[in-house]
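The values are calculated or read from the model by the stated rules, or taken from the named source; none is laboratory data. The shown structure was predicted, so the numbers you read here are calculated from the model rather than taken from an experiment. Neighbour counts run over all protein chains shown; Cβ positions are idealised from the backbone, glycine included.
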Amino acid sequence: MKFTYQVLSVAISIALLTGCNKAPEQAANPTAPAATVAAAPAAAQTESEKANAFFDQYFDSATALSPMALTQLGLKKDYDKWDQLTDEQHEKELALTTKTLADLAQFDVSKLDAQTALSYQLFKQQLEQDLANDKWRYYNYPVNQMFGMHTSVPALLINQHQIADETDAKAYIARLNGIPQLFKQHEHDARMRGLPIAGSGVIFNVPNDSIVIEPFEIPSYWPQIIGMDFGWRHPTAAIACAYDPDADIFYLIGEHCESQMLPAEHAPYIKSLNRWANIAWPSDAINTDKTSGMNLAEMYRDEGLNMLPEHATFENGSRSVEAGVQMMLQRMKQGRFKVFRTCEKWIAEKQQYSRKDGLIIGIDDDCIDASRYAMMCLRYATTKPVYATSTKTAVSNKAI
């Protein structure tokens, strides 16, 4: 991965610099007594030896994270594997950088010889730069005319994976068989940057690890609301949402998404998400059923759900899909939109929510739409009633 190649380049530079270490103090003062000249470098070299050993340890740890880098160095460890282009792998690499930078503080720079001190400064600068640049890791081009998996994979197999015996050959075959999975990860990595997918490009072009979080207990003072999108062949979706008024963060905390179920069948699942929150719903739910004479909103209201009196709109009365999508995307990029990891269907929809010729492709977007309706009606979010005598709550007109 890009991270590994960066740290390897720094480690290699350090190795070259430290390999050139001399005794500069003796050359600078040739007239000093021999005992003094011999003693001074000895004290400094002890700290330098520790630092150089630390650099070597980091080099080994960094290369161990990249089977491709190991092969490029002529090492046959993990010879049958490819690099892992996953969020989990990135977290391992980031953790190594963070820990290494913290561990550098153990060295007394004043006791390092000139070459090792230079290596120390270069190494520290690169680690700091890698950490600072991490938030921009999805702003490059993973495929271009100079490099990319489309060139590095065949180059490694042709030029660097040497076959000297049967074990090497089997490792080569294993790597060939692993190419589809590698490129699947690479495709996912590219989609995170908003590169073309089933249209003109993904809409929510932010990495999952910047918005997906582990669930936690919602504070009682946070207002909550549910958004719903209706369907039959395509799913009916309900997304439970919470709002942190202090940090201005919108959370998706629960989901229900199933097809070919009646309102009476959906209702218990939606109540399990939240029995008292108001529910925002789309304008197509006002269409009247020919058999019952009721619209969908009324059917769900009869099942004890707290459907808002009117369909979802912005505060000014508009219901622009584009405005809602842009509001969600802006919050994601500003760190003000978070999704519990348990909302798996919403996360899956986000991965393929895209445009074609500038228009949103309205396929498999039920959970996305439900969350958009909830955000449009955030002003109707309420906190849990303290003295609730029924499962229904009055609509709050308090804007948030």
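So if I check each of 70, 101, 112, which one is surrounded by 13 or more Cβ atoms within 10 Å (Cβ to Cβ), aliphatic (A, V, I, L, M) and without any contact (Cβ under 8 Å) to a residue 24 or more places away in the chain?
Going through 70, 101, 112 in turn, the sole match is 70.
Considering only region 269-287, state which residues are under 29 Å from the mean Cα position of the chain (by Cα) and not hydroxyl-bearing (Ser, Thr, Tyr).
Of everything in region 269-287, those that are under 29 Å from the mean Cα position of the chain (by Cα) and not hydroxyl-bearing (Ser, Thr, Tyr) turn out to be 270, 273, 274, 280.
A quick yes/no check of all residues on (1) under 28 Å from residue 321 (Cα atoms); (2) surrounded by fewer than 17 Cβ atoms within 10 Å (Cβ to Cβ); (3) small (Gly, Ala, Ser):
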position: 126; (1), (2), (3): no, no, no
position: 137; (1), (2), (3): no, no, no
position: 141; (1), (2), (3): no, yes, no
position: 145; (1), (2), (3): no, yes, no
position: 166; (1), (2), (3): no, yes, no
position: 180; (1), (2), (3): no, yes, no
position: 208; (1), (2), (3): yes, yes, no
position: 212; (1), (2), (3): yes, no, no
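Regarding region 112-127, can at least one residue be identified that is among the charged types (D, E, K, R) and under 25 Å from the mean Cα position of the chain (by Cα)? Walk me through how you get there before you give the answer.
First, pick out the residues of region 112-127 that are among the charged types (D, E, K, R): 113, 124.
Remaining after also requiring under 25 Å from the mean Cα position of the chain (by Cα): none.
There is no residue in region 112-127 that is among the charged types (D, E, K, R) and under 25 Å from the mean Cα position of the chain (by Cα).
Counting only residues that are outside any helix (DSSP H, G or I), touching a residue at least 12 places away in the same chain (Cβ under 8 Å), in contact with a helix residue (DSSP H, G or I) (Cβ under 7 Å, 6 or more places away or on another chain) and surrounded by 12 or more Cβ atoms within 10 Å (Cβ to Cβ), how many does region 292-327 have?
10
Hey, among 93, 88, which residue is under 21 Å from residue 208 (Cβ atoms) and surrounded by 14 or more Cβ atoms within 10 Å (Cβ to Cβ)?
Residue meeting the stated conditions: 93.
Just give me the residues in region 350-374 being buried (at least 16 other Cβ atoms within 10 Å of the Cβ), in contact with a helix residue (DSSP H, G or I) (Cβ under 8 Å, 6 or more places away or on another chain) and not in a helix (DSSP H, G or I), in sequence order.
353, 360, 365
Just give me the residues in region 216-250 being of a type in the set (S, T, N, Q) and either touching a His at 6+ places or on another chain (Cβ under 6 Å) or in a loop (DSSP other than H, G, I, E, B) (or both), in sequence order.
Matches in region 216-250: 220, 236.
Of the residues 89, 125, 26, only one is modelled with pLDDT of 95 or more, in a helix (DSSP H, G or I) and not assigned by TED's automatic domain parsing to the domain that holds residue 213; which?
Residue meeting the stated conditions: 125.
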